[in-house]
Structures are given as C-alpha cells and as structure tokens.
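Worksheet: the structure to be examined is printed underneath.
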Amino acid sequence: MKAILAGVLIGICLLLLAGYLFVSLGGMPVATKGDPLPFESFLAKKGIDAAIGKEAEKPSPLPADEANLLAGARVYQQAQCWVCHGKLSQPESAIAKGMYPAPPQLLSSEQGVTDDPVGVTYWKIKNGIRLTGMPAFSASLTDSEMWQVSLLLLHSDKLSAPVQEALSH
C-alpha cells in the first residue's frame, strides 16, 4: 500500500515538474499569434458554458423594440464595442486583428450572435471573459444598457434603417 501511495505522489510531482518546466522554458504560447494548446479551446468552452449555466435562458426584461435597439446601437458605439467587435459593413479593426483569441465580428452575418440566447450575450457583456480581452461592463454600463446591447446583437441580422444608421457613425 505504501508503494502505491509513493508511486502516486511521485507521479503527481513529476507531472507538476513537467508543467513547470514547460512553462518556464518557454513552451507555453503567450503571444497572440501562438496556437492554442491541446484541449485549450475545449476546456475554455466548457468553463464558459458552466459559468453561464442557467443564466443562458434568462429572458430580456426589455422588449426588442425600435427604441431599445437604437439605444443598444448608441451604447455599442459609446462603449467602443466596435473597436474589437466591428462596425456594420466595415472591415475588422487593426486592434481586432491583433487579438487572441480573435474577437467575433458581432455585426457580421458570419460571426454574429443572432443564434445565441440573449441571456448568454448579456452574461458575457456583464461579466467579461477572462484571458480573451473581453472586459466586464457591469461597472460602466447600467443593467438596461447591457440588455439593450444584447438585444441589438441578437437582432443584428434584421436591423431597421435608423438602427443601421446609428451604427454607422
């Protein structure tokens, strides 16, 4: 029994030592152009899904009407979401091109979040996502403003002309 316990402890110590050497000898990709480690994307997605949990199904307390979508467009512009997540019908910004992981271009039909529940987008805006460059906006935006941006992004594939105009400034 003691031999098994000693073997397990030695195995754990060797794994920790290997991890330390991997990081300290430069094996860990830390540059924004580095490829993800094996399972990094998988683990990050699992962690986000677990953190969001039941919040994903949280409905918006605000209606997705013209007034809230216009307000969401103004907040998107004023909070400078566009710097990373793009402007309507505009190419990706230089800042977005240099980020890892690459921020989704939320107003594009290819990368938008129109298929995500509004609660998921709200959670990400409110809490941010560690190690991605996505900050938490809970200290700088009101709850209503975060919901308005979430609604804007949910409906970004079918925005009215006035909302599109508000996003083009």
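Each value in this text was obtained by applying a stated rule to the coordinates, not by laboratory testing. Source: prediction; values computed, not measured. Note that each Cβ is placed from the backbone with ideal geometry, even for glycine, and that neighbours are counted across all protein chains shown.
Sequence-distant or interchain residues sharing an amide H contact under 5 Å with Phe137, placed H: which?
Lys126, Asn127, Gly128
Too long at a 18 Å Cα-Cα cut-off: which of Lys45/Lys87; Lys54/Lys124; Lys58/Lys126; Lys46/Lys124; Lys87/Lys158; Lys58/Lys124?
Correct reply: Lys45/Lys87.
Taking neighbour counts of Cβ atoms within 10 Å as a proxy for exposure, in what order, fewest first, do Ile125, Ile52, Ile95 appear? Display every interim value, and only then the final one.
Details: Ile125 23, Ile52 18, Ile95 12.
Exposure proxy ranking, most exposed first: Ile95, Ile52, Ile125.
Using all C-alpha to C-alpha distances in segment 88-164, build P(r) with 5 Å bins and read off the rounded percent in each one.
Going out from 0 Å in 5 Å bins, segment 88-164 shows 3, 15, 22, 25, 24, 10, 1, 0 percent.
How much FRET efficiency would the formula 1/(1 + (r/R0)^6) give for Gln78 and Asp49, where r is the Cβ-Cβ distance and R0 is 22 Å, rounded to 0.05?
0.15
Where in the chain are the helices, taken as whole DSSP H runs, whose Cα atoms extend 27 angstrom or more along the long axis and whose Kyte-Doolittle mean reaches at least 0.0?
2-24
Suppose the chain between Lys2 and Ala67 were pulled fully straight at 0.36 nm per residue; how much longer would it get relative to their current alpha carbon spacing?
16.4 nm
On alpha carbon coordinates alone, what is the Rg over Rh value for the chain, Rh being the Kirkwood radius?
Rg/Rh for the chain comes to 1.13.
Output ³J(HN,Hα) for segment 156-162: one whole-Hz value per residue in order, computed from phi by the Karplus curve 6.51 cos²θ - 1.76 cosθ + 1.60 with θ = phi - 60°, and x for Gly and Pro.
Using θ = phi - 60°, the values come out as 5, 8, 9, 7, 5, 4, x Hz.
Rounded to the nearest 500, what is the 222 nm mean residue ellipticity of the chain from helices alone, with -39500 (n - 2.57) per DSSP H run of 4+ residues and division by all residues?
-15500 deg cm²/dmol
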